[in-house]
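The values are calculated or read from the model by the stated rules, or taken from the named source; none is laboratory data. Since the structure is predicted, the reported quantities are computational estimates derived from the model, not experimental observations. No Cβ is skipped: glycine too gets one built from the backbone with ideal geometry, and neighbour counts run over all protein chains shown.
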Amino acid sequence: MSISRGWVRRLENKSAGDTVTVPQVGGTVETFPAELFWLGLFVAQADAASGVVPTGPVAEAVNNATPETIERLERLAASGQGGDFMRRAMDFGGLLAVADVVPDLSE
């Protein structure tokens, strides 16, 4: 029995790869593959910077994250580890802060 449990555990660990866990206010934890989390966070931040309220599983997880988790993600974004766009976005109100809509002056 222990051989099969160890084998299952190894397969689970191997299939998990790099993941990002986002502890939630309610005590649960949202887990994402790392690539999908960072892509989702980038898209959500781009929406927010464009004046659009971010939606999707990553945006929901960040919006429901514990204050400690939000602080950690903001520090990470401000440090530049998320790229220049994420670092500059932190200068304009914080993680997923929806920017004022810029009026269309093209007419």
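Annotations for the structure displayed:
- Residue list for the stretch 57-107, restricted to those being loosely packed, with under 13 Cβ neighbours inside 10 Å, without any contact (Cβ under 8 Å) to a residue 12 or more places away in the chain and more than 16 Å from W38 (Cβ to Cβ): P67, E71, D91, P103, D104, L105, S106, E107
- Number of the condition not met by A48 [criteria: (1) closer than 18 Å to M86 by Cβ; (2) without any contact (Cβ under 8 Å) to a residue 24 or more places away in the chain]: (2)
- Scanning the stretch 24-53 for residues that are more than 10 Å from L95 (Cβ to Cβ), modelled with pLDDT of 90 or more, outside any strand (DSSP E or B) and not hydrophobic (A, V, I, L, M, F, W, C) turns up G26, G27, T28, E35, G40, D47.
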